[in-house]
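The next block holds one structure in the form of structure tokens; read it before the comments.
The values are calculated or read from the model by the stated rules, or taken from the named source; none is laboratory data. Quantities reported herein were computed from a predicted structural model and do not represent experimental measurements. Glycine gets a Cβ as well: all are built from the backbone with ideal geometry, and neighbour counts include every protein chain shown.
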Ligand SMILES: [Zn+2]
């Protein structure tokens, strides 16, 4: 199913009728919430991601980055800190570029990489995440060229296999094997 973000264009009002989670502007339909786009009988609906009842604002979670977009990373949340077992419900969290680092981040792909494992704090509804704190950020990253696990070298990550150097918002727990 297609994942849409608030403000993503779905189509025109001639193509589809407005369902839930959708707003109209100048004859075009846009997603009002983040979720899955479902089109049935020409009605466009955005079904917002199921909220995880086990996860609350303020919690620290572990997740895997499944998509990196212009201003947002999508994170599959798999565990909550303080609980030994994985979450029974898996859901997608959202890390907006403005919540990645205390420092200004111009390009999210220079802070968060596809398939990175990250530690993040839940800061709002619909699993809105932040990695601004020192302990938050990337815990484990793979080289985008050869897929080896990267090793921390100061503020950067280096691939032990091919020597590639990449930039990330690195957690102070990077490479420790615990979070
Ligand atoms: Zn490499």
*Scan the stretch 101-131 for residues that are in a loop (DSSP other than H, G, I, E, B), away from the ligand (no atom under 16 Å from the Cβ) and crowded, with 17+ Cβ neighbours inside 10 Å and jot them down.*
101, 105, 111, 112, 126, 127, 131
*Kindly provide the set of residues from the stretch 139-157 that are without any contact (Cβ under 8 Å) to a residue 24 or more places away in the chain, buried (at least 20 other Cβ atoms within 10 Å of the Cβ) and more than 8 Å from the ligand (Cβ to nearest atom), ordered by number.*
157
*asked:* If residue 78 satisfies all but one of (1) more than 16 Å from the ligand (Cβ to nearest atom); (2) outside any loop (DSSP other than H, G, I, E, B); (3) touching a residue at least 24 places away in the same chain (Cβ under 8 Å), what's the number of the condition it fails?
replied: (3)
*Look through the stretch 49-70, keep the residues that are crowded, with 17+ Cβ neighbours inside 10 Å and modelled with pLDDT under 90, and return whichever of them is nearest to residue 124 (Cα to Cα).*
55
*Looking only at the stretch 163-179, decide whether some residue is touching a residue at least 40 places away in the same chain (Cβ under 8 Å), surrounded by 20 or more Cβ atoms within 10 Å (Cβ to Cβ) and more than 16 Å from the ligand (Cβ to nearest atom).*
yes
